[in-house]
Every structure is written in C-alpha cells, then in structure tokens.
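**Student:** Shown below is the structure under consideration.
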Amino acid sequence: MTKSPLPAKNTRVGRSRGGLAVVSEGPTAQKSPPRFYYKGSRLKQLRAFCMIAKLGTLSRAADALFLSQPSISLQLRALEQELGAHLIERRRRRVVLTREGQALYDLALPLVEGLDQLDQRFRVLRTGLSGGELHIAAGTSTIQYLLPPYVAAFRDQHPNVKLQLHNVTGKDGLALLRSDQVDFAVGSMLDVPNDLSYEPVQSYDPMLIAPPGHALAALRDVRLEDLSAYGLILPPQRLTTYRLVDLIFQQRKVPFRVAIEVGGWEVIKHYVALGLGISIVTGICIGQEDHERLTVRNMSAYFPQRSYGVVVRKGKYLSTEARAFIDLVRPGLFSRHDYWAAGHSDR
C-alpha cells in the first residue's frame, strides 16, 4: 500500500469536498489583514459608536449603556480598526464625527434602533397594543391636574394596556427612571441632569392666593415686599416650589416668613381659604371655582413661569406604549434630534 506523502513545511491541511486539500502558507500565500476584535460583536461596537455620537462624550455614552468608559473606548477602537477609518475627533469638551463617522452614523443608527426594538415591534405586529404595560412617574399635582385628559384619551384608544401611575416626588421619580422601573416621568424640572432629556409641554404663571377680604385683595399691583408681613403656607422644603420661593425672596433681599409647611395644592388652598395664611402656587392648580373662594393675583412680575413636561432617560428606547402616550401629549416629542440633544443645563 502506497503511503501518501507528508505535507511540505509551511503548509496546512484543509478539508475539501473530495477529502484533504493542501493549502500553501509559504511566502506566496495571501493573508487577510489582521482584525482587532473586542468581545467580537459588531452590534456592540455600533451601539457604542452611536451613543458616543448622540451624547457627545465617551463618559456619557458609558453611563447610558451601563458600561465603563474603557469598555466604550475599546469598542470604538475596534470599530475604527476594522473599518480602517477615523470616526470621531476629540475636541475640548466633546467629540465630533468625522466625515466618515457621519456617514457610518447615518447608516448604523436605524439598524441599531431597529434591532433593539425588534422584540417590541414584533409583539405589536402580532397582537397590537394589547396586554402591554406602561409605567409613568409623576407627582401629585401632575397626576391630579395635568394628566387626566391624556390618561382618558390613552385609555379610550388603548383599553387593553395596563397603565400604572407612580405617585412620587421629583427625586424618587428620577430614581425610578434611571433604574428603568418606569418608561418616562412627567413633571416640572428646574435643572436637567446630563443623563436625562426634558421637553416642556405646558407652562403656568405663579399665583398669589389669599383669603377673601384679605388686605392684599385691596391692592391692584401686589409687590414682593407686600408679602413680608404675612405668613406663607408652602410645600415642604425638599420640593421645587419652596426652593424657588426662597430663592426669589433672597435674590431681592426681601424678608419672608413660612407659617405652615404642608404638601398638596388642594390642602394649601383649603388652609388659605380658612384664613391660616397666604401662599404662592403654580397656576396649574387654580380653577374657576378657586376665584370664587380665594383672592388670586398673578405674580409673574417676580416669579418665573413653571413648565411641566416629559422626562426620559437618554439611551432608553421608548416602548410602543410609551410612544403612543407621548404622542398624545405632543406628536413627535423626542424625535431623534430632540431625544439625544443635550439637556437644558448644557445649553
């Protein structure tokens, strides 16, 4: 029996349809260019790149994806080496896309978003908005005064979606948002953290309320100094209203006195109507019936308007249920450009 000759040096044995095939690895062999892999996932690389492009820094992208900054940097480096192109330029505080980076971003973003939403979209195609859930964080005043018409419209259009309103204060609501326990939050914000995006939808004037027949009722134009002699009824110090009132009085160096701290606009209005003090409230809580039992004066000359809007976590993809509700509030809110824009604090 004749023995098959051994393969020559610098060769490797491969398997073909007919059996073994000898492939040369000598000087004439063509080798593929080396490829730099990091965890071997193009999707991870593209997701990291898109997040960097959206948020402007590697650290923000890392926070949004719950990764370390070195991991994000390695994902970007792997993608650049595999594609053979520089995708970003580092500047003083932010990164900007190169021409190649912008071209890749335009191609990759719809692919990444589509894959991340694939399960949700498939379920909706099969069943429609039935059997889904929607979780919204909001404070008492938002739930009581702002949300009812939107909730009614949503329930009318999507009766099979389970809607849960989480009645929480601002900080607790943001904690739920950051931990993905709610889809989005609705409320008022003064400062917007970098990891969140806030879009105001309605604004309200600040109002002075006093008991009927109060001395302030006789004044046509109420000045800030006119309030010093009377005790204020305000929400607790941890809430935005108290901090805002305190800030305005201090900036104008006008003394003031808090007589009662109590939560809830309805409770505050009731106490004022009983003659227990005066208050500065947001116009969102003033209805026609309040003008009949209270003295109401617009204080926008001294206090800023309060906006109420929708808050989302950057990097979180909105579910179909969340998108449907937000479109009732304002169609197109958090479109691709707005959703990834910097927060108000950066503008």
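The values are calculated or read from the model by the stated rules, or taken from the named source; none is laboratory data. Bear in mind the structure is a predicted one, so any value in this text is a computation, not a measurement. Ideal geometry is used to build each Cβ from the backbone, glycine not excepted, and the neighbour counts take in all protein chains shown. Note: areas computed on protein heavy atoms with side chains; ligands, DNA, RNA excluded. Shrake-Rupley method; radii C 1.70, N 1.55, O 1.52, S 1.80 Å.
**Student:** Could you tell me which residue out of 276, 233, 256 lies farthest along the dipole of segment 207-281 toward its positive end? Charges go on the beta carbon: Lys and Arg +1, Asp and Glu -1, centred on the Cα centre.
**Tutor:** Result: 256, furthest along the dipole toward the positive end.
**Student:** Something else about it: Compute the accessible area per residue over segment 208-347, keeping the other protein chains in place, probe 1.4 Å, unit Å².
**Tutor:** Heavy-atom accessible area per residue stands at 47 Å².
**Student:** Tally up the carbon and sulfur contribution to the accessible surface of segment 196-278 as a whole percent, 1.4 Å probe, everything protein left in place.
**Tutor:** Ligands and nucleic acids excluded, carbon and sulfur reach 50 percent.
**Student:** Got a sec to turn the phi values of segment 71-79 into Karplus ³J(HN,Hα) couplings, 6.51 cos²θ - 1.76 cosθ + 1.60 with θ = phi - 60°, whole Hz, x for Gly and Pro?
**Tutor:** With the stated coefficients, segment 71-79 comes to 5, 4, 5, 5, 4, 5, 4, 4, 5 Hz.
**Student:** What residues have an amide H closer than 5 Å to that of residue 314, excluding those fewer than 5 places away on the same chain, when H is modeled at 1.01 Å from N in the peptide plane?
**Tutor:** Amide H neighbours of residue 314: 196, 197.
**Student:** With every protein chain present, what is the per residue accessible area of segment 46-124 (1.4 Å probe, Å²)?
**Tutor:** 57
**Student:** Still on this structure, please answer the following. By per-residue mean of other Cβ atoms within 10 Å, what is the highest-first order of 273-282, 240-249?
**Tutor:** Top to bottom by mean Cβ count within 10 Å: 273-282, 240-249.
**Student:** Computed over the Cα atoms of segment 58-107, what is the convex hull's projected area averaged over all directions, in nm²?
**Tutor:** Averaged projected hull area, Cα only: 3.6 nm².
**Student:** Measure off 7 Å from each Cα along the Cα-to-Cβ vector at residue 119 and residue 144, then give the distance between these two points in nanometres to one decimal.
**Tutor:** 3.9
**Student:** Mind giving me the nanometre distance, one decimal, between the label points for residue 164 and residue 133, set 7 Å out from Cα along Cα→Cβ?
**Tutor:** Between residue 164 and residue 133, the label points sit 0.4 nm apart.
**Student:** Take peptides 205-211, 106-112 and line them up by average Cβ neighbours within 10 Å, highest first, as a rough protection proxy.
**Tutor:** 205-211, 106-112
**Student:** Same structure, new question: When the chain is fully extended, how far beyond the present Cα-Cα distance does residue 330 get from residue 107, taking 0.36 nm per residue of separation?
**Tutor:** Result for the pair: 77.5 nm of gain on full extension.
**Student:** From the cross-link list 171/314; 54/314; 54/316; 171/269, which pairs have alpha carbons spaced over 20 Å apart?
**Tutor:** Checking Cα-Cα distances, 171/269 exceed 20 Å.
**Student:** So, R0 is 30 Å and r is the distance between the beta-carbons of residue 247 and residue 171; what FRET efficiency does that work out to, to 0.05?
**Tutor:** Given R0 = 30 Å and the Cβ-Cβ separation, E is 0.95.
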